[in-house]
Each structure stands twice: as structure tokens, then as C-alpha cells.
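What follows is a set of notes on a single structure, which appears directly below.
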Amino acid sequence: MRLLPDTHILLWLAIDSDRLPRPTGDLLSDRANEVAFSTASIWEIAIKTARGRARFKVDPRVVRTGLIDNGFVELPMTGLHAIEAAALPPIHHDPFDRMLVAQARVEQVLLLTSDRTIATYAGPIRLI
């Protein structure tokens, strides 16, 4: 199975693994699954870090390197993803989340999310 954790889940993996539900952790660590991460997630982390918020100090380079070192595959953003994101109904307004939904739909990869709003989109999405 091909999986795409959303940014929140990636951050749980990187800095707060106790918040990650065990079944999700098992799914992500199962070597039979191909786990990807989106360039959009790294971009989102980089932007939030660059804003200098005291509560958000995450180095996107460290997160990206850690994901790659643990066998995750980087899923770049393409023009097709952008077109799909623009065509999505206005259920969710966050551009990063919309990109993740679009990537899941175009690439037919299962998006894992804890966001109930994202989970209302049609497509390969699983609420954890």
C-alpha cells in the first residue's frame, strides 16, 4: 500500500511520537508499505519555522533527512497536482492541505490525516 502522511503526522513522527496512534505507527513502519512525504509538507514546516514562532522550532532539513534516512520517498509537487488542488471544492482553505489532498488523488496514494475536515474530501483519504 502507498501511504502519504499529512504534515501533522510527520511532525508527530519527528518530535512527538507519543501522539501518534499505535495503529498508524504500525502502518507507517510496515515494510510492505511504501511511505511517501510531500514536498508541500517540508515547505509548510519551513514557512512556519521561518516565521520565528517560539512554539514552533523545527528544522525542515532535519525532518527531510530523517524521513529519507528512514525509507520515506519524497513526493514532489507537479503542475498536475496544482491543477487538481485548484479544482477541489472549497471544503478546506489551507493551501498545503489542499495540495496533499490533490497529490493523494492524482497519485492514488492513501493520505493519512487527523484533520476531520480534510477527511471529508472524496479520494483515498483515511482519518486516523
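Every read-out reported here was derived from the displayed coordinates using simple, explicitly stated rules and does not represent laboratory data. Keep in mind that what you see is a predicted model, and the values were worked out from it rather than measured. Glycine also receives a Cβ, built like all others from the backbone with ideal geometry; neighbour counts cover every protein chain displayed.
Please give the charge dipole size of the chain, origin at the Cα centre, charges +1 on K and R Cβ atoms and -1 on D and E Cβ atoms. Round to the nearest 20 debye. Can you show the working numbers first?
On the way: 15 positive and 15 negative charges, 70 e Å.
For the chain, the charge dipole is close to 340 debye.
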Discussion item. What's the longest uninterrupted piece of the chain once you rule out the trypsin sites (Lys or Arg not before Pro) that are loop residues per DSSP with at most 12 other Cβ within 10 Å?
Written reply: 58-115
Worksheet, complete the sentence: Rounded to the nearest 5, the percent of antiparallel DSSP beta bridges in the chain equals 0
Response to the item:
Listed with the fewest Cβ neighbours within 10 Å leading, Met1, Met99, Met77 appear as Met1, Met77, Met99
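What is the calculated FRET efficiency for Met77 to Arg19, with r their C-beta to C-beta distance and R₀ = 41 Å, to the nearest 0.05?
Values: r = 26 Å, r/R0 = 0.65.
Efficiency, from the Cβ-Cβ distance: 0.95.
Before rounding to the nearest 500, sum -39500 (n - 2.57) across all DSSP H runs of length at least 4 in the chain and divide by the residue total; then give [θ] at 222 nm in deg cm²/dmol. Could the numbers behind the result be given before it?
Numbers: 6 runs with 61 residues, N = 128.
Result for the chain: -14000 deg cm²/dmol, rounded to the nearest 500.
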Worksheet item: Arranged by the count of other C-beta atoms within 10 angstrom, fewest first, what order do Val62, Val35, Val106 take?
Response: Val62, Val106, Val35
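From Cα pairs below 8 angstrom and at least 6 apart in sequence, can you work out the relative contact order of the stretch 2-127, rounded to a whole percent? Don't skip to the end; give the middle numbers.
Working: 163 pairs, mean separation 35.8, N = 126.
Relative contact order of the stretch 2-127: 28 percent.
Net charge around Asp30, counting only other residues with Cβ within less than 15 Å of its Cβ (Lys, Arg = +1; Asp, Glu = -1)?
Details: positive: Arg2, Arg22, Arg31, Arg126; negative: Asp26, Glu34.
Here the count lands on +2.
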Item to complete: Express in nm, to one decimal, how much length is gained between Phe56 and Ala86 on full extension, taking 0.36 nm for each residue of separation and deducting their alpha carbon distance.
Response: 8.0 nm
